[in-house]
Structure formats: C-alpha cells, structure tokens
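One structure below.
The values are calculated or read from the model by the stated rules, or taken from the named source; none is laboratory data. Keep in mind that this is a model prediction, so the values were computed, not measured. Don't worry about glycine lacking a Cβ; one is built from the backbone with ideal geometry, like all the others, and counts go over all protein chains shown.
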Amino acid sequence: MENFLDLAEIKYFTAENARMYRTKNGFAAMKAFMPPVKKDDLTEEEQPDNTPDWQDLGRVYLHRMFPFDSPNEFISVLDKDGKEYGVIRNITDFTGEDAEIINEFLFRKYLCPEITKITSLKERLGYSYWETQTDKGKMSFSMHDTYRNIARISDTRLVLTDVDGNRYSIMDTLALDRKSFKRIELYL
C-alpha cells in the first residue's frame with residue numbers, strides 16, 4: 001500500500017529548473033526542467049518516457065497558497081484547467097525578469113485596494129452599495145449577501161469581495177474614523 005507522501009509528490013520550481021517568459025499577449029508563461037506532463041487519458045504504456053527535460057508549459061496561472069500569511073512563499077503554478085505543475089517555494093528564489101513576471105502577475109491577480117474611509121454604505125434588496133476612499137483613490141462597488149462576502153482575516157483585518165470578484169481590504173477596523181466604523185459595525 002502506498003503512503004500518502006508517496007502519492008503527494010510536489011515539484012518545486014527554482015531559478016535552476018524554471019524560466020518565466022511572457023506570451024505574445026503578455027501573459028505569464030514558463031519553461032521548466034521536469035518529467036513530461038502526463039496526459040490523464042493515456043494508459044501507463046502510452047505515457048512518454050519519464051526522463052526530465054526542458055519543456056515549454058506555455059501560459060501558466062499563479063496562485064498564492066497563503067495569500068495573507070506568506071504572500072511571497074508557496075506559489076502554486078497551474079495550467080488553464082487548474083492542474084498543478086508544481087510550486088514556487090519563494091519568489092526570492094528568482095531574480096531579474098523571472099521575478100518581475102511573477103510579481104507582476106501576482107500584483108494584478110491580487111490587487112486589493114485598502115479602504116481607509118467609508119463615505120457611504122447603503123443596503124437595498126440584498127445588495128450593499130459602498131462609496132469608499134482607498135489607497136488607490138475613491139472607489140464605489142456593490143456586494144451581494146454582504147455578510148458572506150466579508151472575510152475576517154484577524155480580529156481587526158477584513159477582506160471584502162464585490163459582485164465582480166474584486167477584493168478590498170480593511171487592514172484595521174479600529175483605525176477607521178468613527179463614522180466609517182459605525183457604517184461597517186453592523187457587519188462585524
């Protein structure tokens with residue numbers, strides 16, 4: 001019988017075995033030194049030789065495994081279907097253009113303006129409508145089922161997700177001005 005750790009083989013990408021590049025449309029892509037990617041619909045006999053070699057994985061999707069606690073560590077590298085190729089243990093393992101591409105992609109994916117003031121908050125028919133001041137300027141957004149779309153990260157830190165999937169953070173609810181705190185207090 002196989003042990004769980006034998007089944008959970010994790011491939012770690014470093015500067016020695018992976019190179020990032022941009023596709024012609026500007027998306028993150030990777031070439032990696034690894035065994036050929038197995039096609040699920042092939043039998044064992046039909047699978048190619050398992051000898052590692054440089055492969056072009058094409059466009060890849062990066063996903064932070066611990067986005068709040070360790071944003072620069074444990075970055076999952078996925079294909080378009082969400083199948084994991086491997087993990088970048090730490091972004092600092094990469095330098096130059098490789099690190100630039102990784103950071104650029106993650107910045108765009110995890111753009112999360114910090115709310116510093118809530119100027120207006122109204123609720124109608126299951127939606128809440130927010131007018132806020134953020135570190136990126138004034139922003140307006142709406143949320144459906146507000147209670148479910150506010151994630152408490154710590155006692156005072158919140159992440160809000162709007163109807164379009166955009167995220168906003170409040171780093172410290174206690175640091176908000178009195179009026180802003182009163183507006184959000186109902187949801188805490």
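Structure values in brief
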read-out: Ser180 vs. criteria out of contact with any helix residue (DSSP H, G or I) (no Cβ under 8 Å at 6 or more places or on another chain), in a loop (DSSP other than H, G, I, E, B) and more than 30 Å from Thr23 (Cβ to Cβ); value: no
read-out: Unmet requirement for Tyr85, which otherwise passes all of (1) buried (at least 19 other Cβ atoms within 10 Å of the Cβ); (2) under 30 Å from Tyr147 (Cα atoms); value: (2)
read-out: Residue in segment 122-140 that is within 18 Å of the chain's Cα centre (by Cα) and surrounded by 17 or more Cβ atoms within 10 Å (Cβ to Cβ) present; value: no
read-out: Hits in segment 88-121 (condition: in a strand (DSSP E or B) and exposed (fewer than 13 other Cβ atoms within 10 Å of the Cβ)); value: Ser120
read-out: Candidates Gly82, Gly58 - the one that is touching an Asp or Glu at 6+ places or on another chain (Cβ under 9 Å), at pLDDT below 95 and not hydrophobic (A, V, I, L, M, F, W, C); value: Gly58
read-out: Those residues of segment 139-155 which are of a type in the set (D, E, K, R) and either touching a residue at least 60 places away in the same chain (Cβ under 8 Å) or closer than 14 Å to Tyr127 by Cβ (or both), in sequence order; value: Asp145, Arg148
read-out: Any hit, segment 27-38, residues being closer than 30 Å to Arg157 by Cα, part of a loop (DSSP other than H, G, I, E, B) and modelled with pLDDT of 85 or more; value: no
read-out: Candidate set: segment 51-80, residues that are surrounded by 13 or more Cβ atoms within 10 Å (Cβ to Cβ) and of a type in the set (Lys, Arg); chosen: the one farthest from Ser154 (Cα to Cα); value: Arg59
